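Single-structure report; data block below.
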Amino acid sequence: MKDKVLEIRDLTFGYDAKNLLFRDFSLEVYRGDIVSIVGPSGVGKSTLFELIGGFLKPIKGSIKVKKISQIFQDPYTSFHPSYTIIEQISDVCSTEGIEELANMMQIDSELLYKRAHELSGGQLQRCSILRSIMMKPDLLLADEPTSALDNIIQLEVMKLLVKLLDRVGILLITHDLDLAKWCSDKIIKL
């Protein structure tokens, strides 16, 4: 039996009662799955992540989620400029085994001792994924994790996420329907 890492049942939410973003929305994500949420800006994709993270409360319905971590759209704003990557990872989790995982993710260990502005966008996004995985989540929330990257780096990052599916379930927000079709077990259009 597959390990369920997220269960949303009959979720209803809106910032006001007249304009609901979700009405009786249900979703399940299992370890090993990639589920993509696609749709234009303003339909509630990021709001869904805020609900899953517990930052917003639904009007009705339930959200059951195991341990989560998140990959943000812009890696430069998700790292503090004054500290090294390794310092920022060690602030949120153990760094035991980091070099082995970094090697698997094609991150030179020397990059871990640099500051965010010293890395390229692709290197920094891989470090963001590394940090998220080091937190040992059951569910990885990936908010447009490749939108700021060129096509070659974008493909490398997505291949890396697919390699990690034995550890997590992934809920991916993307505007790129082709990307969603390539990697997803299920696509939900909002």
Run down ASP91, ASP178, ASP185 and say which single residue is of a type in the set (Asp, Glu), out of contact with any helix residue (DSSP H, G or I) (no Cβ under 8 Å at 6 or more places or on another chain), closer than 28 Å to GLY42 by Cβ and free of Cβ contacts under 8 Å to residues at least 12 places away in the same chain.
-> ASP178
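Tell me which residues, restricted to the range 169-189, are of a type in the set (A, V, I, L, M, F, W, C) and either within 16 Å of the chain's Cα centre (by Cα) or not in a helix (DSSP H, G or I) (or both).
Taking the range 169-189 as the starting set, the residues that turn out to be of a type in the set (A, V, I, L, M, F, W, C) are 170-173, 177, 179-180, 182-183, 187-188.
Residues satisfying the conditions are ILE170, LEU171, LEU172, ILE173, LEU179, ALA180, CYS183, ILE187, ILE188.
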Would you tally the residues in the range 96-120 being assigned to a helix (DSSP H, G or I) and on the phi > 0 side of the Ramachandran plot?
-> 0
What strands (runs of 3 or more DSSP E), lying completely within the range 1-93, carry at least 2 residues that are farther than 20 Å from LYS186 by Cα and out of contact with any Lys or Arg (no Cβ under 8 Å at 6 or more places or on another chain)?
-> 4-16, 19-30
Within the range 121-168, the count of residues that are more than 11 Å from the chain's Cα centre (by Cα) and on the phi > 0 side of the Ramachandran plot comes to 1
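Being polar (S, T, N, Q), touching a Leu at 6+ places or on another chain (Cβ under 8 Å) and farther than 25 Å from PHE49 by Cβ is the filter here, so list the residues in the range 92-148 that pass it.
From the range 92-148, those polar (S, T, N, Q) are 94-95, 103, 106, 109, 120, 123, 125, 128, 132, 146-147; that's our starting set.
Remaining after also requiring touching a Leu at 6+ places or on another chain (Cβ under 8 Å): 106, 123, 125, 132, 146.
GLN106 - this is the single residue of the range 92-148 that is polar (S, T, N, Q), touching a Leu at 6+ places or on another chain (Cβ under 8 Å) and farther than 25 Å from PHE49 by Cβ.
Please work out which residue is surrounded by the fewest Cβ atoms within 10 Å (Cβ to Cβ), limiting yourself to the range 48-58 and to residues that are within 15 Å of LEU140 (Cα to Cα) and either touching a strand residue (DSSP E or B) at 6+ places or on another chain (Cβ under 9 Å) or touching a residue at least 12 places away in the same chain (Cβ under 8 Å) (or both). Walk me through how you get there before you give the answer.
Taking the range 48-58 first, the residues within 15 Å of LEU140 (Cα to Cα) are 48-54.
Next, only the ones that are either touching a strand residue (DSSP E or B) at 6+ places or on another chain (Cβ under 9 Å) or touching a residue at least 12 places away in the same chain (Cβ under 8 Å) (or both) stay: 48-49, 51-54.
Numbers: LEU48: 25, PHE49: 20, LEU51: 22, ILE52: 21, GLY53: 13, GLY54: 10.
Out of the qualifying residues, it is GLY54.
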Single unsatisfied condition, GLY61 versus (1) under 15 Å from ILE170 (Cβ atoms); (2) in contact with a strand residue (DSSP E or B) (Cβ under 7 Å, 6 or more places away or on another chain); (3) not aliphatic (A, V, I, L, M) | (1)
Filtering the range 167-190 for residues that are buried (at least 21 other Cβ atoms within 10 Å of the Cβ), of a type in the set (Val, Ile, Thr) and under 18 Å from TYR30 (Cα atoms) leaves a count of 3
Only one of ILE37, ILE85, ILE98, ILE89 is buried (at least 17 other Cβ atoms within 10 Å of the Cβ) and in contact with a Cys (Cβ under 7 Å, 6 or more places away or on another chain); which?
-> ILE85
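Just to be sure, is PRO137 crowded, with 19+ Cβ neighbours inside 10 Å, in a loop (DSSP other than H, G, I, E, B) and at pLDDT 90 or above? Can you show your working first?
On the way: crowded, with 19+ Cβ neighbours inside 10 Å: yes; in a loop (DSSP other than H, G, I, E, B): yes; at pLDDT 90 or above: yes.
So PRO137 fits the description; yes.
Is there a residue being among the aromatic types (Phe, Trp, Tyr), under 18 Å from the mean Cα position of the chain (by Cα) and either modelled with pLDDT of 95 or more or surrounded by 16 or more Cβ atoms within 10 Å (Cβ to Cβ) (or both) anywhere in the range 102-115?
Start the filter on the range 102-115 by keeping residues that are among the aromatic types (Phe, Trp, Tyr), which leaves 113.
With under 18 Å from the mean Cα position of the chain (by Cα) added as a condition, the list becomes none.
There is no residue in the range 102-115 that is among the aromatic types (Phe, Trp, Tyr), under 18 Å from the mean Cα position of the chain (by Cα) and either modelled with pLDDT of 95 or more or surrounded by 16 or more Cβ atoms within 10 Å (Cβ to Cβ) (or both).
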Which numbered condition LEU161 fails, given (1) assigned to a helix (DSSP H, G or I); (2) in contact with a strand residue (DSSP E or B) (Cβ under 7 Å, 6 or more places away or on another chain); (3) more than 30 Å from ASP10 (Cα to Cα) | (3)
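The values are calculated or read from the model by the stated rules, or taken from the named source; none is laboratory data. Model, not experiment: these values are computed from the prediction. FYI the Cβ positions are ideal-geometry reconstructions off the backbone, even for glycines, and counts take in every protein chain you see.
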